[in-house]
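**Student:** Below you will find the structure I want to go over with you.
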Amino acid sequence: MAVLLQATNLVKRFGDVAAVNGVSFGLEAGTCFGLLGPNGAGKTTTLEMLEGIADADEGEILYRGKPVGAEFRNDAGIMFQTTALQDYMTVREALEMFGSFYPRTTPMAELIETCALSEFLDRDSRKLSGGQRQRLLLAIALVNDPQVVFLDEPTTGLDPQARHNLWALVKRIRAQGKTILLTTHYMEEAYELCDEIAIMDHGKIITRGSPKALLAEHFDEVVLQLPRADILGDPDELPLPVTVHGDTVEILSRDINTTIRTLLDHDVSLAGLQIRPRTLEDLFLALTGEALRA
Amino acid sequence: MNWHRFLAVLKARNREFIRDRSALGWNVMFPLLIVAGFAFAFSGKPMDLYKVGVYAADPVQKLASLRETQAFFRTDYIQFIPVTGLASAITKVERHQLDMLFDLDRQRYWVNRDSPKGYILERVLRGADTVADTTNSPTGGFQRQTVTGREIRYVEWLIPGILAMNMMFSALFGVGYVIVRYRKSGVLRRLQATPLTALEFLSAQVVSRLWLIIAITSGIYAGANLFIDFSMFGSYLLLLLVFTLGAISLISLGLLVAARIASEELAGGILNVLSWPMMFLSGVWFSLEGTPPLIQKLALLFPLTHIIDAARAVMIDGAGLAGISTQLIVLTLMSAIFLLLGAVLFRWK
């Protein structure tokens with residue numbers, strides 16, 4: 001697939017701190033690319049440089065093989081992490097105003113249908129729920145029928161139902177052939193939506209690839225989870241790679257049968273046993289040695 | 001400049017203002033309060049200049065008889081106020097609440113030696129019934145000449161200043177403060193992500209506030225004229241030109257202040273630092289004649305000074321375009337400089 005947007009060696013400093021320090025990646029047309037990492041990793045700053053909102057101190061950004069210019073604004077749809085609209089503006093009026101800024105627009109009916117806005121079109125945008133507001137902001141990002149859609153932590157602060165609704169919308173947009181660049185610190189979100197991810201920490205990309213490929217590359221074991229109370233003695237005395245997380249004990253295993261036999265030999269109850277595959281959260285922990293600072 | 005985008009922002013700003021009932025209500029109420037205040041303060045006969053207390057057993061009857069015999073008690077613009085307690089009345093003279101006090105029964109009077117008004121009243125009292133101690137005539141030899149003409153009351157002199165001052169507050173706070181609020185809340189950041197240019201955005205803010213200021217100023221003018229019937233000797237079109245240019249210069253100044261600030265508190269402080277000296281040094285309430293030359297030169301730095309000078313020249317002196325050309329040129333230059341600086345310094349974030 002052709003690379004639509006290419007970032008090469010991007011650097012952005014704030015005083016002595018390099019918020020982004022040599023980030024490079026290409027965004028292939030029609031895919032969803034995820035930038036993952038904890039708060040302060042440099043995701044949003046990277047995104048702002050790609051959006052043209054912030055200037056890079058070093059590095060180059062090419063759109064369709066050419067340096068990003070003013071016309072890129074017409075092809076880009078942006079959903080900020082936090083956005084305010086003018087007061088006393090209804091959903092319909094907000095869509096009309098933003099639509100009038102662009103030479104090419106998505107038909108209003110299509111926008112309303114895609115983002116499920118019909119129920120509150122004439123409502124003051126300040127009176128929307130969190131999920132409704134995010135749908136409106138997504139619609140504004142799509143108002144110019146963009147080629148590239150930037151979504152900066154679109155589900156932060158939403159309840160699980162609203163988050164899943166927004167995921168469904170993002171999938172619809174991707175199915176329409178849009179290219180999406182998404183930042184998130186929810187690994188589950190990245191796994192659900194992204195064709196490719198890059199994990200950032202301290203301003204650098206520490207690994208990238210498809211979620212499944214990354215997990216396969218780094219892990220060949222599963223995780224057995226048990227309630228701490230089901231182990232009579234000290235969990236650390238088990239002849240297994242054990243980690244205690246509060247009331248839960250996690251055991252890494254390449255051979256489930258052997259591990260279970262060992263547990264039974266040590267009179268461990270399996271009533272509360274759960275088995276899960278390794279996740280991107282585990283990958284981040286393995287790569288950085290620290291948990292996500294969500 | 002893309003007019004489609006400009007009009008979209010203009011429409012949105014107008015809609016926001018009109019739907020904000022508290023702001024709209026205040027912008028309508030404030031002029032009404034000003035008009036009501038003027039009507040109350042300046043309608044009716046001219047106010048007396050001096051207050052003289054009159055103490056006697058029957059002050060009203062005594063005063064009436066004195067008016068027949070002594071010219072001083074028939075002098076215009078002196079208000080004679082019957083008082084009942086001599087001691088409390090003397091205290092009022094001490095505190096300059098009364099300019100003079102008469103005890104008609106005992107043929108005594110009191111003045112405060114520190115009171116300029118008391119001094120003048122005493123001179124009037126001494127000279128009202130006698131020939132002055134000059135050699136040839138009571139006027140010291142000066143020949144009396146007369147002119148006729150309609151009186152220019154203080155209120156007529158004041159009206160252009162009040163209109164301009166109201167414009168100033170509306171322009172500085174209505175634009176500067178709003179843009180800082182937009183920046184702080186992230187509205188500007190979202191707009192920055194669109195093809196909308198800073199020039200289009202700022203121009204829409206200027207035009208949106210301009211029509212509002214002109215409409216409100218016209219309302220105050222019409223309302224005040226209804227109650228006070230003040231003079232207008234010049235051209236209404238010229239006055240509109242003065243106020244339009246003046247409003248643009250003040251709005252541009254508001255934009256300049258708001259170019260980069262993201263704190264409403266800081267913006268409020270700076271706008272106050274600008275508006276209060278302008279209010280007192282631009283000649284809204286009193287003429288700068290007789291003030292130190294440095295103050296007069298400092299006042300020329302303020303757009304409000306030029307607006308008021310030009311408006312007074314048109315309304316009171318009937319000046320034409322040539323008569324106010326200097327002020328118009330200065331206001332145009334100030335508008336251009338403020339707008340240019342504001343646009344160059346403007347930051348969305």
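Values quoted throughout were computed directly from the atomic coordinates according to the rules given, and no laboratory measurement underlies them. As the structure is a prediction and not an experimental result, all values here were calculated from the model. When we count neighbours, we look across all protein chains shown, and the Cβ atoms used for this are built from the backbone with ideal geometry, even at glycine.
**Student:** Among bridges DSSP assigns within the protein assembly as shown, what percent are antiparallel (round to 5)?
**Tutor:** 60 percent
**Student:** Mind checking the stretch A:61-105 for trypsin sites (Lys or Arg not before Pro) that DSSP puts in a loop (not H, G, I, E or B) and that have at most 16 other Cβ atoms within 10 Å?
**Tutor:** A:ARG64, A:ARG104
**Student:** Please get the size of the charge dipole for the stretch B:227-343, origin at its Cα centre, with Cβ charges of +1 on Lys and Arg and -1 on Asp and Glu, quoted in debye to the nearest 20.
**Tutor:** Magnitude of the dipole: close to 240 debye.
**Student:** Looking only at other chains, what is the average number of their beta-carbon atoms within 10 angstrom of each beta-carbon in B:11-19?
**Tutor:** Taking the mean over all residues of the peptide, I get 4.
**Student:** Let me ask something additional. Which ³J(HN,Hα) values, rounded to whole Hz and listed in residue order, are derived for the stretch B:95-101 from phi using the Karplus coefficients 6.51, -1.76 and 1.60 in 6.51 cos²θ - 1.76 cosθ + 1.60 with θ = phi - 60°, glycine and proline given as x?
**Tutor:** Residue by residue, the stretch B:95-101 yields 9, 6, 7, 10, 7, 7, 9 Hz.
**Student:** For A:ILE199, B:ILE18, B:ILE78, what ranking results if the residue with the fewest other Cβ atoms within 10 Å of its Cβ goes first?
**Tutor:** B:ILE18, B:ILE78, A:ILE199
**Student:** Let me ask another. Could you work out how far apart the two model spin labels at B:GLN79 and B:LEU294 are, taking each label as a point 7 Å from the Cα in the direction of the beta carbon, and quote it in nm?
**Tutor:** Modelled inter-label distance: 3.9 nm.
**Student:** Using amide H atoms built in the peptide plane, which far-off residues or other-chain residues are under 5 Å from A:THR90 H to H?
**Tutor:** Correct list: A:SER125.
**Student:** How would you order A:168-177, B:206-215, B:323-332 from highest to lowest mean count of nearby Cβ atoms within 10 Å?
**Tutor:** Per-residue mean Cβ counts within 10 Å order the peptides as B:206-215, B:323-332, A:168-177.
**Student:** What length, rounded to one decimal in nm, is gained on full extension from A:HIS164 through to A:ALA29, with 0.36 nm per residue of separation minus their alpha-carbon distance?
**Tutor:** Working it through step by step, the gained length comes to 46.2 nm.
**Student:** Would you work out the charge dipole size for chain B about its Cα centre, treating the Cβ of every Lys and Arg as +1 and the Cβ of every Asp and Glu as -1, and quote it to the nearest 20 debye?
**Tutor:** 1520 debye
**Student:** Once you average over the residues of B:193-201, how many Cβ atoms of partner chains fall within 10 Å of each Cβ?
**Tutor:** Taking the mean over all residues of the peptide, I get 5.
**Student:** What do you get for the angle between helix B:236-257 and the principal long axis of chain B? Use alpha-carbon atoms, 0 to 90 degrees, nearest ten.
**Tutor:** 60 degrees
**Student:** For a footprinting-style exposure proxy, rank B:TRP110, B:TRP276 by other Cβ within 10 Å, fewest first.
**Tutor:** B:TRP276, B:TRP110
**Student:** Could you tell me the center-to-center distance, by alpha carbons, between the stretch B:186-204 and the stretch A:65-83 in angstrom?
**Tutor:** Each part's Cα centre sits 14 Å from the other's.
**Student:** Still on this model: Can you give the local net charge around A:VAL222? Use residues other than it whose beta-carbon is closer than 12 angstrom to its beta-carbon, Lys and Arg +1, Asp and Glu -1.
**Tutor:** Summing Lys/Arg as +1 and Asp/Glu as -1 gives -2.
**Student:** For the charge dipole of the protein assembly as shown, defined by +1 on Lys and Arg C-beta atoms and -1 on Asp and Glu C-beta atoms about the Cα centroid, which residue among A:GLN134, A:LEU238, A:ALA175 has the Cα displaced farthest towards the positive pole?
**Tutor:** The listed residue farthest towards the positive side: A:GLN134.
**Student:** Identify, among B:VAL35, B:ASN225, A:GLN225, the residue whose Cα sits farthest towards the positive end of the charge dipole of the protein assembly as shown, taking +1 on the Cβ of Lys and Arg and -1 on the Cβ of Asp and Glu, with the dipole about the Cα centre.
**Tutor:** The residue sitting farthest along the positive end of the dipole is B:ASN225.
**Student:** If the only charges are +1 at each Lys and Arg Cβ and -1 at each Asp and Glu Cβ, what is the size of the charge dipole of the stretch B:50-127 around the Cα centre, to the nearest 20 debye?
**Tutor:** Once rounded to the nearest 20, the dipole reads 140 debye.
**Student:** In whole Å, how far is the Cα centre of the stretch B:237-303 from that of the stretch B:59-81?
**Tutor:** The stretch B:237-303 and the stretch B:59-81 have Cα centres spaced 48 Å from each other.
**Student:** Return one number: the angle in degrees, 0 to 90 and rounded to the nearest 10, between the long axis of the Cα atoms of helix B:264-281 and the longest principal axis of the Cα atoms of chain B.
**Tutor:** For helix B:264-281, the angle is close to 40 degrees.
**Student:** Going 7 Å from the Cα of A:ARG126 in the Cα-to-Cβ direction, what parts of the stretch A:85-110 have a backbone nitrogen less than 14 Å from that spot?
**Tutor:** A:85-91
**Student:** Next up: Please list, by residue number, every one of the trypsin sites (Lys or Arg not before Pro) in the stretch A:177-259 that is coil in DSSP and has at most 15 other beta-carbon atoms within 10 Å.
**Tutor:** A:ARG254
**Student:** Under 5 Å between amide H atoms, partner at least 5 residues away or on a different chain: which partners does A:CYS32 have, H built in plane at 1.01 Å?
**Tutor:** Amide H neighbours of A:CYS32: A:ILE180, A:ASP195, A:GLU196.
**Student:** Would you mind finding the longest exposed-site-free stretch of chain B, with exposed GluC sites (Glu not before Pro) meaning DSSP loop and at most 14 other Cβ atoms within 10 Å?
**Tutor:** After excluding every exposed loop site, the longest remaining stretch is B:1-150.
**Student:** Using the number of other C-beta atoms within 10 angstrom as an exposure proxy, rank A:TYR63, B:TYR177, B:TYR77 with the fewest first.
**Tutor:** Ascending Cβ contact count within 10 Å gives the list B:TYR77, B:TYR177, A:TYR63.
**Student:** To continue, here is another question. What angle, in degrees between 0 and 90 and rounded to the nearest 10, separates the Cα long axis of helix B:154-171 from the longest principal axis of the Cα atoms of chain B?
**Tutor:** Its long axis makes an angle of about 20 degrees.
**Student:** Can I ask one more? I want the local charge near B:LEU266. Using Cβ-Cβ distances under 15 Å, sum +1 for each Lys or Arg and -1 for each Asp or Glu among the other residues.
**Tutor:** Every neighbour counted, the sum reads +3.
**Student:** Between rounded, prolate and oblate, where does the stretch B:50-127 land on the alpha carbon gyration tensor, with a ≥ b ≥ c its root eigenvalues, rounded for a/c under 1.5, else prolate if a/b exceeds b/c?
**Tutor:** oblate
**Student:** From a point 7 Å beyond the Cα of A:ASN257 in the direction of its Cβ, which residues of the stretch A:215-240 have a backbone N at a distance under 19 Å?
**Tutor:** Within reach of a label on A:ASN257, which here means backbone N under 19 Å from a point 7 Å along Cα→Cβ, the stretch A:215-240 contributes A:221-224.
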